[in-house]
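Written below as structure tokens is the structure these notes are about.
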Amino acid sequence: MLRLLFRLAALGAVIATAIHVAALSLPAFAAANYPAEYPAWRHLLFIAIDSALAALFLTRPAWFVWAFAVLTVQVCYGHGGHAWASWQRSGSIAWLDAVALAGVSLALGLLIVDYRGRSRVGWQA
């Protein structure tokens with residue numbers, strides 16, 4: 001079951017990569033889903049990060065849970081801040097913010113469960 005969940009997490013990372021590619025390629029998509037001041041270099045950075053995540057969710061080296069925890073803080077700051085501002089302004093939250101916040105939170109929880117289980121029995125890929 002855990003293997004399937006990590007494959008779904010890897011798929012989620014591939015979808016996140018595609019969203020950043022779409023934001024770079026389709027100005028209308030970017031305008032509808034990102035603030036106007038969101039720079040192209042950030043999309044490029046997250047294309048690289050999300051692509052790496054897809055592979056890392058499948059291999060899960062011991063250090064990955066800690067690196068992903070740092071990324072989770074960044075996503076909560078970025079998407080969480082945007083979600084809060086949207087909620088204050090319009091009473092709604094953009095789908096992209098909701099999916100990103102839920103996705104990284106669930107993935108971090110899954111990584112923590114996996115890390116604890118692997119630590120008890122000795123680390124194996």
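Read-outs: derived from the displayed coordinates by stated rules, not from any lab. Remember, predicted model here, so these are calculated numbers, not experimental data. Positions of Cβ are backbone-derived with ideal geometry, glycine not excepted, and every protein chain shown enters the neighbour counts.
Binned at 5 Å from 0, what are the whole-percent values of the Cα-Cα distance distribution for the chain, short to long?
In order of increasing distance, the bins hold 2, 10, 19, 23, 18, 12, 8, 4, 2, 1 percent.
To the nearest 10 degrees, how steeply does helix 64-90 sit against the main Cα axis of the chain, on a 0 to 90 scale?
Taking the Cα atoms of the chain, the angle to 64-90 is about 30 degrees.
If you line up the long axis of helix 40-59 against the longest principal axis of the chain, both from Cα atoms, how many degrees apart are they, to the nearest 10?
Tilt relative to the chain: about 20 degrees.
Go through 112-118, 37-43 and give me the packing order, highest mean Cβ count within 10 Å leading.
Highest mean packing first, the order is 112-118, 37-43.
Once you have the Cα-Cα distance between residue 51 and residue 5, take 0.36 nm times their residue separation minus that, and quote the gain in nm to one decimal.
Roughly 14.8 nm would be gained on extension.
In what sequence, highest mean first, do 76-85, 13-22 appear when ranked by Cβ atoms within 10 angstrom?
With the highest mean Cβ count within 10 Å placed first, the list reads 13-22, 76-85.
Where in region 92-123 does the label zone of residue 32 land, with the point 7 angstrom along Cα→C-beta and an amide N cut-off under 12 Å?
Residues passing the 12 Å test: 95-96.
Which angle between 0 and 90 degrees, to the nearest 10, do you get for helix 95-121 versus the longest principal axis of the chain when only C-alpha atoms count?
Between the helix axis and the principal axis of the chain, the angle is about 10 degrees.
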